[in-house]
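Participant: My questions will all concern the structure given below.
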Amino acid sequence: MKSRHSSGSEKVQSHQMGKRVKDCLLGGRLIFSLDCGSELWFLFLNMNRRDFLRTSASASILAGSTQSLLALADDNVYRKKIGLQIYTLRDQLKADLKGTLKAVAEAGYTQVEPYGFPGGLEMIKVAKDLGLEVNSIHFDWEAAVNPSDEEFSDFKKIVEKAKKTGISHLVVPYLHDKDRKTLDGYKKVAGNLNKAAVISKEAGIQLAYHNHSFEFQPMEQSTGYDIFAQEFCDEMKFEVDVFWVKAANLDPVSLIKGLSGRISQLHLKDIKEGLKLPMYGGLPKEAFKELGNGIIPMEPIIEAAEAAGVVHCHVEQDQSPDPIASIKESVAYLKGL
């Protein structure tokens, strides 16, 4: 189990106040700006670009990407096996489990990513009965983030149940506020997730962390996501949610490229035009849009995902006045790329 650490940093205080300067590369050295209160600091990272992208991915997010001129290939793996994080349909699933999952399959999705594991076994069974694959699931993350004992006994039970259920990916969906108040808190989380990832890997299951936008909020001279990028071992991966990356006013394509080989899955979701970004907390319901109805170009994201070795992509839309209509519109958009 090997973690990644950056090295050779020095701080230089700037006399510019009240202004955020964009990240830039100068002479092979990356200058990363952070607005810390009333002072603007520059973090000079004395490393080559390749090393930097592996160790401090969120700081590598530069200008937005341009739309690809070429459409996705007809046999694109993500279009052929597109998934849906069915938290999108949480209310509908409670009202009509089978009917809702049938609508998912009929819309053109081939796999679903459930939530609440080790609960929700009926949801998994019904999905499989309808021909939907279930490869990944969001689970009770406290068993990995804050284990009850040094042996990770509770997490091992989850892994064992996941293996029996045919799950190949377990995802940490969130962090409670108490675990992310400081950079040291993020380091503690990373250490525990590394241990859990080794346990799950031995069972043939990949563990990953799903981001929101709070991980990208500047803290001291870094971010929580930087800590994860530096500290996660080879066994521990990321599930990148492109909506929340954009909510932090960062470029998803650059993040994916910077974490190449370290991302197991993506969440594809779009964000409303006109929001004042970054937003590190909750967003209004109307911020969540169907794919193609917001400001995030999906085609370059999917192309970057393939190059980065991403295994699965799942559509998600946290809020919608008509979730069934929204998932249909999003999958139609992907098929039309």
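Quick note: the coordinates plus some simple rules give every number you see, no bench work behind them. Because the structure is predicted, anything quoted here is derived from the model rather than measured. Using ideal geometry, Cβ is built from the backbone for each residue, glycine included, and neighbour counts are taken over all protein chains shown.
Participant: Tell me which residues come under 5 Å, amide H to amide H, from Asp251 once H is placed; ignore anything under 5 positions away on its chain.
Facilitator: Leu62
Participant: Apply the Karplus parameterisation 6.51 cos²θ - 1.76 cosθ + 1.60, with θ equal to phi minus 60°, to every residue of the range 245-250 and state each ³J(HN,Hα) to the nearest whole Hz, in sequence, with x for glycine and proline.
Facilitator: 4, 5, 4, 7, 6, 10
Participant: Shape call for the range 77-335 from the C-alpha gyration tensor, a ≥ b ≥ c root eigenvalues: rounded (a/c under 1.5), prolate (a/b greater than b/c) or oblate?
Facilitator: oblate
Participant: Over 22 Å between Cα atoms, which of Lys156/Lys269; Lys285/Lys328; Lys164/Lys201; Lys178/Lys246; Lys289/Lys328; Lys125/Lys161 qualify?
Facilitator: In this structure, Lys156/Lys269; Lys178/Lys246 lie more than 22 Å apart at Cα.
Participant: Sticking with this structure for a sec: Quick check on the range 185-337: of the DSSP beta bridges with both residues there, what percent are antiparallel, nearest 5%?
Facilitator: Among the beta bridges of the range 185-337, antiparallel pairing accounts for roughly 20 percent.
Participant: Applying the Karplus parametrisation 6.51 cos²θ - 1.76 cosθ + 1.60 with θ = phi - 60° to the phi angles of the range 87-101, what ³J(HN,Hα) value in whole Hz is obtained for each residue in order, glycine and proline being reported as x?
Facilitator: Result, ordered by residue: 4, 3, 10, 4, 6, 5, 5, 5, 7, 7, 4, 5, x, 5, 5 Hz.
Participant: Okay, next question. Packing-wise, with mean Cβ within 10 Å as the measure, how do 153-159, 75-81, 309-315 rank, highest first?
Facilitator: 309-315, 153-159, 75-81
Participant: Could you pull out which residues in the range 246-270 have an amide N less than 16 Å from a spot 7 Å beyond the Cα of Gln221, following the Cα-Cβ vector?
Facilitator: The answer is none, because no backbone nitrogen lies closer than 16 Å to the label point.
Participant: Moving to a separate point now. What distance in nm lies between label points placed 7 Å from Cα along the C-beta direction at Thr165 and Ala105?
Facilitator: Reported label-point gap for Thr165 and Ala105 is 1.9 nm.
Participant: Quick check for me: using +1 on Lys/Arg Cβ and -1 on Asp/Glu Cβ, what's the dipole size of the range 212-337 about its Cα centre, in debye to the nearest 20?
Facilitator: Dipole size: approximately 280 debye.
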